[in-house]
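All remarks here apply to the structure that follows.
The values are calculated or read from the model by the stated rules, or taken from the named source; none is laboratory data. Please read these numbers as outputs of a predicted model, since none were measured by experiment. Here Cβ is always computed from backbone atoms with ideal geometry, including for glycine, and neighbour counts include all displayed protein chains. All accessible areas refer to the heavy atoms of the entire protein, side chains included, with ligands and DNA or RNA removed. Shrake-Rupley method; radii C 1.70, N 1.55, O 1.52, S 1.80 Å.
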Amino acid sequence: MRTPHCCIVLLIFSLGCGIAPNNFNTSQRFYNGTASVGDFFTITLDPNAHSLTYKNLSNGDSGTTVYTVNEDGTYTLSDPAGNLVSAYEVPGYALLIEAAKSGPNHNQPALITAVKKSSVPVSSWASRSYNYMQFRTSFGGIEIGSADVDSQGNVSATGYWPFGSVGQVSAFNLNSFDTSTVQADVSESFLLLPDRGGARDYIFGALDGFFAVDTPNGALLALRKAATKAFDPSFAGSYRAMFYQKIGANMGPNNYEGGAPRLGTAALSISSTGHITMRSNVGTILLSATLQPVADASYLYGPAELEDPCYGSFTFRTITSNFQQEVFVTFQDRAALFSVFRAKLPWGFGNTYDYMYGVGLK
């Protein structure tokens, strides 16, 4: 499996052991997060004051917003800057936020995925294998793949880029990076890795297998691979999800991607046999598919394609004379990462495509 055409600095992002959202103490909670537009956040949530304080280390924004808790468990944020809009939290585990004004120009909507702040030495992901998803706000939005980390923490990754499969460019890519230039931040809760053009990546996570890399190209999220390709019924259940969606996207000059982005919340239901249904907060069905192991998707394999069966990742593909749609989902503990890509066929210059990605927590 090769990683897609854009930079893939592996995302290794770890969600810790499951903690129930109820019966949690009321002390402050600290998170690090990555936005799909490529912004790194540090976040402090104070449940007593019902306040959330954030710093965007990528574009310099910061602020404090109060929040109210809705009947469905989501938070409505009253950010004076109009940046952070809503959130969903499993306390001390993970935090999802809809942002309206992120990115270098402080004007792009993006999904922020954050996990409990903790120390992340390179040794925490050495000699392990991961499935990853990359969430972007351009270049077709999504990428999925496999990453292997050697005993020194050096990464080799292979990935699949759905846009490339219809856009007449390579759908499979290879990538790698070494950790010789990685530096720990003074807080010891994230690592810094130089990127191209003087930019840098932020590597963070927890210690139980869910790590993240925030890059200028978007968010890379990775979960530990499963032992087998089969769907684990323990992942069945109801999830609260937040998602980023772009409808009618198309590529323009200077790598500009047009289209209408939106953020939303949804109810994600997964059966014991791996059927996934996602409904928006107004009841619209956004996704319905029966997942199969990526390991059984023969079109993803071959001499130039994915080089790993990605145990723990699942997919669903539909191709007709009018469109191609691909769905990918991967699980760990109480989290599900999902991504969807759909393009009009036959492909030609000016064709549009849609994509959606997000995270569900239960």
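Observations on the structure shown:
- One decimal place: the segment THR352-ALA260 gains 32.0 nm when fully extended, by the rule 0.36 nm per residue minus the C-alpha distance.
- Size of electric dipole in the stretch 227-341: Cβ of Lys, Arg +1 and of Asp, Glu -1, about Cα centre, debye, nearest 20: 520
- By definition, a body whose alpha carbon gyration tensor gives a ≥ b ≥ c is oblate when a/c is 1.5 or more and a/b is not larger than b/c, and the stretch 92-211 fits this oblate description.
- Stretching ASN154 away from ALA227 to a fully extended chain increases their span by 24.1 nm, per 0.36 nm per residue minus the current alpha-carbon distance.
- The stretch 55-180 - percent of accessible surface contributed by carbon and sulfur, probe 1.4 Å: 49
- Of all lysines in the structure, those lying under 22 Å Cα to Cα from LYS246, and not within fewer than 8 positions of it along the same chain, are LYS101, LYS344.
- Amide H contacts of ASP201 (H built 1.01 Å from N, in plane; Pro and chain starts excluded): LEU193, ASP195 sit under 5 Å, all sequence-distant by 5 or more or on other chains.
- In terms of the mean number of neighbouring beta-carbon atoms within 10 Å, the peptides 71-77, 218-224, 134-140 order highest first as 218-224, 134-140, 71-77.
- Phi angles of the stretch 210-225 translate, via the Karplus equation with coefficients 6.51, -1.76, 1.60 and θ = phi - 60°, into HN-Hα couplings of 10, 10, 9, 10, 8, 10, x, 8, x, 9, 10, 10, 9, 10, 4, 5 Hz per residue; Gly and Pro are given as x.
- Protein accessible area in the stretch 217-265, 1.4 Å probe - carbon and sulfur %: 52
- Here is the list for the stretch 201-282: chymotrypsin sites (Phe, Trp or Tyr not before Pro) lying in DSSP coil, each with at most 11 other C-beta atoms within 10 angstrom of its C-beta, are TYR256.
- For the stretch 216-238, backbone nitrogen atoms closer than 17 Å to the point 7 Å from ARG279 Cα along Cα-to-C-beta are found at 237-238.
- Accessible surface, per residue, of the chain when the full set of protein chains is kept, probe 1.4 Å, Å²: 39
- Whole-Hz couplings from phi, Karplus 6.51/-1.76/1.60, listed for the stretch 256-261; x for Gly and Pro: 6, 10, x, x, 10, x
- Summed side-chain charge close to ALA260 - residues other than ALA260 whose Cβ falls under 14 Å, Lys, Arg +1, Asp, Glu -1: 0
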